[in-house]
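Below is one structure, written out as structure tokens, with a few remarks after it.
The values are calculated or read from the model by the stated rules, or taken from the named source; none is laboratory data. Note that the structure is predicted; figures quoted are calculated from it, not measured. Glycine also receives a Cβ, built like all others from the backbone with ideal geometry; neighbour counts cover every protein chain displayed. Accessible surface areas use protein heavy atoms only, side chains included; no ligands, DNA or RNA. Shrake-Rupley method; radii C 1.70, N 1.55, O 1.52, S 1.80 Å.
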Amino acid sequence: MVTRRPTQRDIALKAGVGRSTVSLALKDHPKISLETRNRIKLVAESLEYSPDPMLSALATYRNRIREQAFHGTLGWLVNAQPGYDWEQGPYYTSYFAGALARAATYGYHLEKFAVNANGISRSRLQSILRARNVGGLLLCPQPRAGMTMDFAWEDFAAVTFGYSLVSPLLHTVASAHFLNTRHVVRELAARGYTRIGLVIDRTTDRRCGSNVYAGFLIEQELDPRLTRLPACLDHDPVQIREERSYGEKLHQYIETHQLDALLTSDYRILEILNSEAIHAPEHIGVAGLSLPSADTPLSGVVEDSTQIGAVAMDLLAGMVQRGEKGVPASPIRTHLEGIWHEGGTLRPRREALRSNI
């Protein structure tokens, strides 16, 4: 005999409340008192209630096609520091654009706010956000790796990007740097490259959670076709890009280890190599990690930054709707794999990619 699935109406009748109260309580909505929420959850548990996945999917579909009413403002929070202009880079502006567009589908507006900017202190900004009922924050990546940020997190749902913020540990959405690096190394090996070098400064790798270097090392360890070679980690190409020493250092690294391919996080590396009369793919194969777009001759993985921003907003909007605030006990790490861009700086593939190890 098939028993009927318990419904929210059944919970409401047993708990002596309205069905809408049950719906809000099961979502931990702050409009319902904690005592009532707990009582309704106990009733739901006694009835062995679980949401109908088909009805949930239908509700989600209806909500998405329905024109969204305005639900309020969410914040894009920037940690303002001297010399830091997040809008100058291609990645963070795409994060914002993706989040802004996705926020609109939920009925939210995403507005920029900055800590310690224009004479507004942290405490003053916190007061402004509370007064405007801004319940959720997306944190723009920090100016430097390894940063901490003191804020009234208990008042807000918060999601950040990448790994530049080390305290507090919030839910974060990031490019899958580890998987992307392994993907690119496998592509190089499939094209017959065996002496592969990595050029990334330590600061950038730290911002990536050290996942680029880790991916490079593990592929050298697991693929017998590859010669184990050291990475070039001890320079910052952003700071010394205009100096002759950067090109000379790359040239020396290539010559010393007789590289036939170069993997790099510096998507503008071709101009530096060309200045040293090193051309790809004629002299060396070159592949980029986390390319900002496919509008480049450089082969490699394109980071889908707009989608990263959209996924971060999905996470934040859900937290706001569930009434989740503060520093999470178990931070969620969401990684999005990049998209392969063939470009023109590698020779053709010689074999199919190996299966995942």
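Under unit Cβ charges (Lys, Arg +1; Asp, Glu -1), what dipole magnitude, rounded to 20 debye, does segment 143-197 have relative to its Cα centre?
620
Could you work out what % of the accessible surface of the chain is carbon and sulfur, using a 1.4 angstrom probe and leaving DNA, RNA and ligands out of the count?
That share works out to 51 percent.
Compute the whole-percent fraction of alpha carbon pairs in segment 244-357 spaced more than 20 Å apart.
56
Rounded to whole Å and sorted largest first, what semi-axes of the equivalent ellipsoid does the C-alpha gyration tensor of segment 165-305 yield via the square root of 5 times each eigenvalue?
23, 18, 15
Step by step: find N for segment 95-252, compute 2.2 N^0.38 Å, then divide the Cα radius of gyration by it. What's the final number?
This ratio for segment 95-252 stands at 1.35.
Please report, ordered by residue number, every helix of the chain (full DSSP H runs) that is 20 Å or longer along its axis going by C-alpha atoms and whose mean Kyte-Doolittle hydropathy reaches -1.0.
The answer, listed by residue number, is 90-105, 305-322.
Roughly how many Å² is the accessible area per residue of the chain, as a whole number, for a 1.4 Å probe?
51
Taking each pair of different alpha-carbon atoms in segment 247-302 once, compute 1/r for the pair, average those values, and report the inverse of that mean as the Kirkwood hydrodynamic radius in Å to one decimal.
Result for segment 247-302, one decimal place: 11.4 Å.
How long are the semi-axes of the ellipsoid equivalent to segment 119-193, from square roots of 5 times the Cα gyration tensor eigenvalues, in whole Å, largest first?
With the √(5λ) rule applied to segment 119-193, the semi-axes are 38, 12, 9 Å.
Which entry in [x] 1.01; [y] 1.07; [z] 0.99 is this structure's computed Rg/Rh (Cα atoms, Kirkwood Rh)?
Of the listed options [x] 1.01; [y] 1.07; [z] 0.99, [y] comes from this structure.
Give the ranking of TYR84, TYR193, TYR213, TYR108 by solvent-accessible surface, highest area first, calculated with a 1.4 Å probe.
Most to least solvent-accessible, the answer reads TYR213, TYR84, TYR108, TYR193.
How many lysine pairs are close in the chain, with Cα atoms under 26 Å apart and the two 8 or more places apart or on different chains?
Going through the chain pair by pair, I get 9.
Short version: ³J(HN,Hα) in whole Hz for each residue of segment 267-278, in order, from phi by Karplus 6.51 cos²θ - 1.76 cosθ + 1.60 (θ = phi - 60°), x for Gly and Pro, what are they?
For segment 267-278, the Karplus-derived couplings read 6, 10, 6, 4, 5, 5, 5, 4, 5, 9, 6, 10 Hz, x marking Gly and Pro.
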